[in-house]
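Everything on this sheet refers to the single structure shown next.
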Amino acid sequence: MSHGSNDTKAEAPGALGEAQLLEIYDFALDLGRRAGKILLDGVDQRCGDEEGRGQNEVDKMNAVDIVTQTDLDVEAFVKNEITARYPSHNFIGEETYSTGNSKEYLVTDSPTWIVDPLDGTVNYTHLFPMFCVSIAFCISGVPVIGIIYAPILDVTYSALTGHGAWLNDSTPSSPAPSHKRRQQLPLVRNPIPVLPEAAPKGCVFSCEWGKDRRDVKDGNMWRKVESFLTMAAESSGRDGKGGMVHGVRSLGSATMDLAYVATGAFDIWWEGGCWEWDVAAGICILREAGGLITTANPPSDIDTDPIEEVRLGSRLYLAIRAAGDSATETGRQAQERVVRETWKRVYNLDYSRPGA
């Protein structure tokens with residue numbers, strides 16, 4: 001990332017200048033890598049002691065919604081580091097929020113850190129490498145800095161609004177590993193690929209099973225499965241709605257899903273049930289990589305209703321990768337076309353906010 005000038009621009013009340021944001025980005029990138037080291041230490045300990053596996057897992061909502069001692073340790077570390085450096089900033093962490101009494105939306109206009117100390121906890125307990133630390137910094141409820149670090153892969157995704165999105169970015173205090181090449185996102189850029197004319201046909205579709213496993217007709221799990229089938233089916237199937245996508249991918253981490261949309265590896269990500277810490281960093285990175293993110297649920301008029309940028313905290317998300325211009329449409333027009341074609345093939349999900 002180009003750090004530009006160190007001159008602080010004039011600030012509106014409560015705003016942060018360019019130099020301050022660059023400093024916070026540098027700090028956050030370094031913090032993400034240090035927090036990831038704690039996750040790796042936990043992996044090393046478990047790999048050296050077979051009896052230790054699974055002993056520190058505790059169910060939250062159900063058997064697929066779990067917390068480990070490592071989640072708690074990483075969040076405490078990150079919170080302490082942020083509070084010591086920026087004592088006036090607000091902090092929202094998954095584990096702190098989960099143990100609280102209120103489930104209201106807590107993000108205000110004040111500078112706020114939103115942290116998931118370990119997204120993909122089930123992956124972590126099974127040593128599947130798709131887990132990460134997610135750190136976002138928000139102003140006026142909008143993520144302006146996003147850091148995702150996947151420690152087993154030793155890969156960092158990061159962004160600062162106005163400065164692009166990066167794979168393995170380096171800063172003065174947090175150099176990228178020498179064997180990792182710094183690349184701007186999306187990874188394919190010369191040119192950025194257009195979206196398929198018959199999309200979702202030809203796209204990679206990403207989604208998760210989610211934590212709502214109630215086996216009831218028309219429940220969220222049923223609606224997701226029906227949507228998966230429609231997106232995957234041959235074009236003539238499902239009453240002519242078959243999406244014939246190239247593939248359906250579930251990484252077990254919404255944060256990593258968003259990172260892969262930002263890189264361009266996934267074309268579409270559709271999901272419900274996520275919380276702020278699952279998506280805040282990824283939203284910043286995706287937007288800086290040229291992606292679009294809106295709501296998962298189809299509107300009343302799919303063909304004409306406006307496509308609006310999603311609000312952090314909505315719990316319903318549909319993301320489309322960056323798209324190049326073609327001879328017939330701009331990249332943005334192509335993204336909106338794919339949004340509408342996806343809406344035609346998915347069910348409304350019911351993830352209202354508790355207490356809302």
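The values are calculated or read from the model by the stated rules, or taken from the named source; none is laboratory data. Keep in mind the model is a prediction, meaning the values are calculated, not measured. Counting neighbours? That spans all protein chains shown, and the Cβs are built from the backbone with ideal geometry, glycine included.
Here are some notes:
- Candidates in region 276-297 are the residues that are among the hydrophobic types (A, V, I, L, M, F, W, C) and more than 10 Å from the chain's Cα centre (by Cα); of these, the one that is surrounded by the fewest Cβ atoms within 10 Å (Cβ to Cβ) is Ile293.
- Tallying residues that are modelled with pLDDT under 90 and of a type outside the set (Gly, Ala, Ser) within region 168-201 yields 6.
- Lys224 surrounded by 15 or more Cβ atoms within 10 Å (Cβ to Cβ), outside any helix (DSSP H, G or I) and basic (Lys, Arg): no
Matching residues to (1) in contact with a Lys or Arg (Cβ under 6 Å, 6 or more places away or on another chain); (2) within 15 Å of Trp270 (Cβ to Cβ); (3) of a type in the set (Phe, Trp, Tyr); (4) surrounded by fewer than 23 Cβ atoms within 10 Å (Cβ to Cβ):
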{"position": "Thr304", "(1), (2), (3), (4)": "no, no, no, yes"}
{"position": "Arg321", "(1), (2), (3), (4)": "no, yes, no, no"}
{"position": "Asp325", "(1), (2), (3), (4)": "no, no, no, yes"}
{"position": "Arg340", "(1), (2), (3), (4)": "no, yes, no, yes"}
{"position": "Asn348", "(1), (2), (3), (4)": "no, yes, no, yes"}
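- Taking region 122-142 as the range and being over 19 Å from Ala76 (Cβ atoms) and assigned to a loop (DSSP other than H, G, I, E, B) as the test, the residues that pass are His126, Leu127, Phe128, Pro129, Met130, Ser140, Gly141.
- For Leu167, the requirement of being farther than 14 Å from Val74 by Cβ, surrounded by fewer than 17 Cβ atoms within 10 Å (Cβ to Cβ) and in the same structural domain as Asp30 (by TED's automatic domain parsing) is not met.
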